[in-house]
Structures are given as C-alpha cells and as structure tokens.
Amino acid sequence: MPVNLKGRSLLTLKDFTPDEIRYLLNLAADLKAKKRSGVRGDLLAGKNIVLLFEKTSTRTRCAFEVAAYDEGANVTFLSNSQMGKKESLEDTAKVLGRFYDGIEFRGFKQETVELLAKHAGVPVWNGLTDLYHPTQVLADCLTIMENIAKPLNKVKLVYVGDARNNMGNSLMIISAKLGMHFVGIAPKALFPEEGLVNEMRELAKVTGAKIEFSEDIAAVDGADAIYTDVWVSVGEEAQFEERIKLLTPYRVTMDMMKATHNPDCIFLHCLPSFHDLETSVGREIYEKYGVAEQEVTDEVFRCPQSKVFDEAENRMHTIKAVMVATAGR
C-alpha cells in the first residue's frame, strides 16, 4: 500500500505505522546514497523551515540545517522568540505557520510540540522533548540496518541505563513498531512508565516484537546492539549523586560487550557522551565525585564496535527523510 506522509507532523513514533516508519528509513537510505554520490537535491526547493530551540544542541540543529540546505530549503534558527513569554504558544504557532512550511521544536515539554502542531497548520517535527526523541531513533535504526546483517525484526537491541528517559521510551516504541527484541536493563526505579510499557507490549503482540526489562546485566546475552545515554538529563543535575549510585553498575564496559557472547555486537549512543575528561562538565563531575567515565568507558566508546559517529551522521539523513516526506514537493 502506498505511503503518503504529506502534511504530517512527527511528534512521537507512536503516531506512525510500521510501514510508514520503514518508508522513512528506506527514504533516508536513498537520500544518503544520493548525497554520497554528490547529487544535489531540490526536494525542498522554495520551502522555508524554522527551528525553535529551548535546549542547546549540536547534532539536532546541524542535522536539520544541513539536511534542509541539501534539498534547497531556507532555514531560520530561532532561540529567542517570544513564545510562552509575551506571546502564547497558540499565537506563535499560527504566526509561524503563515511564514514557514515546517517547524522543528527542541525543548522540554511534549505538550509544547503538540500544541505547536495543533495550531500551526504545517508539519511540526519533534527534535527532542522530555518524553520522546523520534528523529534520533530513526537514525539509530538506520545505523543498525547498515551495521547488522539481520532484518530489524531479528535484532536484539539492549538499552542500558536510565530506561525511563526520552531515549528509553523512543527506542522501546520503535522496537515495538518494527518487531524488534527490546530489552531495557536498569534499576527498577528507572524503568519506564508502566502505561507506556503495557501499550507497547500490546502492540508487540501484533508486530512480533518482544519488550522486556531487567535489573540484571546478564540480560545483554545475545544482544546485537547495546545502547546507552547520559545518566542525568537536562534539568536533573541535582540528582547526579543519586544517579551515580544507581547507574555505576550499568556503565557499558568491554566486559559487558563480551557478555553479549556476540563478537559482532555494536555500541550505540545518541551523544554527547561523558566517556573521558575532555569536557568542562566531565571534569567538574570528576572533581566533585571522582567519576572519570560515566555511562560508558572510553575503551568501549573508541572501540571498532562503536558506531556512534555513523549514528550521528545518520541524524542528518533521517531528518532529511522526515522533512522531504512531510513537507517536500
């Protein structure tokens, strides 16, 4: 059945069917091949895109900008709007919808991106909220497709760490949609919200996925990919001492990689990563708590099994696919 996503917003992958997600992944692979071959695109020619940022960013901003430019669009980066200050979200959305053909939002509340989509009249794309990070997990799945010689519905993806953050949620959702075996390994206090888990397990009955959670590191056995994220998200810095105690046993090490009993298992991370002391934040944490490597060791981060920079590049290609599919000509 043909897939048509024109005019659609991407707020969470819960709203997309498995066929629609596979379409975006295949389109991303095609657009990546086109860029690699030096073909200049025009699928967004004449389009205007605005990027709304409440949170700082490297990959999300750069990926959206380069992806838009590659296909001929114009971009406005906006981090100092009156949205929510002197102008309501609804009014801002209606104004921006008159100016632009698509709106990206990266910030805190999921309700913000949903309100923008409700009132803008043009596609709105979630570049990250506290609940979901849909463009990231599209890039993650493209990276898995490129590096694991199995169809996605045969892949075991293990997420280790804070399983109730936006990455844990989004990886579980895309796994359930695409029939993957998803295992979240975390302290029980950091398991995802029960309602979302139950919703994804019901979906898994249809797609053939398997959704599991464990506190036991031994559950990495048979993993094709191990994924982790930072221990503390933006706005949770006060909880860092508690998170060190909870999550140090879940640091991704070479011993954990070996415990998969799969020499082809890859390592994934959405970045940024605190794997060394080459950042001011990393040094500050080390001076205060004595922790030199946080969620992953430097050895794993730099090893041949680590595909984190392939993954980072794929943000651009999958974001391009989302914009082309929903706002392209």
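The values are calculated or read from the model by the stated rules, or taken from the named source; none is laboratory data. Note that the structure is predicted; figures quoted are calculated from it, not measured. Note that we place each Cβ from the backbone using ideal geometry, even for glycine, and neighbour counts take in every protein chain shown. Accessible surface is based on the protein model in full, side chains and every heavy atom, while ligands, DNA and RNA are left aside. Shrake-Rupley method; radii C 1.70, N 1.55, O 1.52, S 1.80 Å.
Quick rundown of the values:
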| item | result |
| --- | --- |
| Average accessible area per residue (Å²) across the range 187-304 - probe 1.4 Å, nucleic acids and ligands excluded | 52 Å² |
| Fraction of accessible area attributable to carbon and sulfur, the chain (%, probe 1.4 Å) | 50 percent |
| Sum of side-chain charges, Ile217 neighbourhood, beta-carbon under 11 Å (Lys, Arg +1; Asp, Glu -1) | -3 |
| Unit Cα scatterers, Debye sum, the range 144-269: log10 I(q)/I(0) for q = 0.15 Å⁻¹ | -0.65 |
| Computed magnitude of the charge dipole of the chain (debye, nearest 20; Cβ of K, R +1, Cβ of D, E -1) | 1160 debye |
| Trp231 accessible area, 1.4 Å probe, all protein chains in place, Å² to nearest 10 | 0 Å² |
| Charge dipole (the chain, unit charges on Cβ, about Cα centre) - positive-most of Tyr289, Phe182, Ala321 | Ala321 |
| Correct option for log10 I(q)/I(0) by the Debye sum over Cα atoms at q = 0.06, 0.12 Å⁻¹ [calculated from the coordinates] among [x] -0.29, -0.90; [y] -0.20, -0.83; [z] -0.26, -0.85 | [y] |
| Relative contact order of the chain, defined on C-alpha pairs under 8 angstrom at six or more residues apart (%) | 21 percent |
| Phe77 paired with Asp42, simple spin-label distance in nm, labels 7 Å along Cα-to-beta-carbon | 2.8 nm |
| Whether the range 258-319 is rounded, prolate or oblate, judged on the alpha carbon gyration tensor where a/c under 1.5 counts as rounded | oblate |
| Selection from Tyr23, Leu44, Tyr132 lying farthest towards where the dipole of the range 16-138 points positive, charges on Cβ | Leu44 |
| Lys118 paired with Lys150, simple spin-label distance in nm, labels 7 Å along Cα-to-beta-carbon | 4.1 nm |
| Positive minus negative residues near Gln239 (Lys, Arg vs Asp, Glu; Cβ under 12 Å) | -3 |
| Under DSSP loop assignment and at most 12 Cβ neighbours within 10 Å, longest GluC sites (Glu not before Pro)-free interval of the chain | 1-192 |
| Size of electric dipole in the range 168-224: Cβ of Lys, Arg +1 and of Asp, Glu -1, about Cα centre, debye, nearest 20 | 200 debye |
| Between the range 128-185 and the range 258-301, the Cα center-to-center distance that results, in Å | 19 Å |
| Efficiency of FRET from Cβ geometry, Thr279 and Lys205, R₀ 35 Å, rounded to 0.05 | 0.20 |
| Convex hull of the range 47-184 built on C-alpha atoms - directionally averaged projected area, nm² | 9.1 nm² |
| Lys109 accessible area, 1.4 Å probe, all protein chains in place, Å² to nearest 10 | 130 Å² |
| Reachable lysines from Lys205, criterion Cα separation under 18 angstrom, eight or more residues apart if same chain | Lys14, Lys154, Lys156, Lys177 |
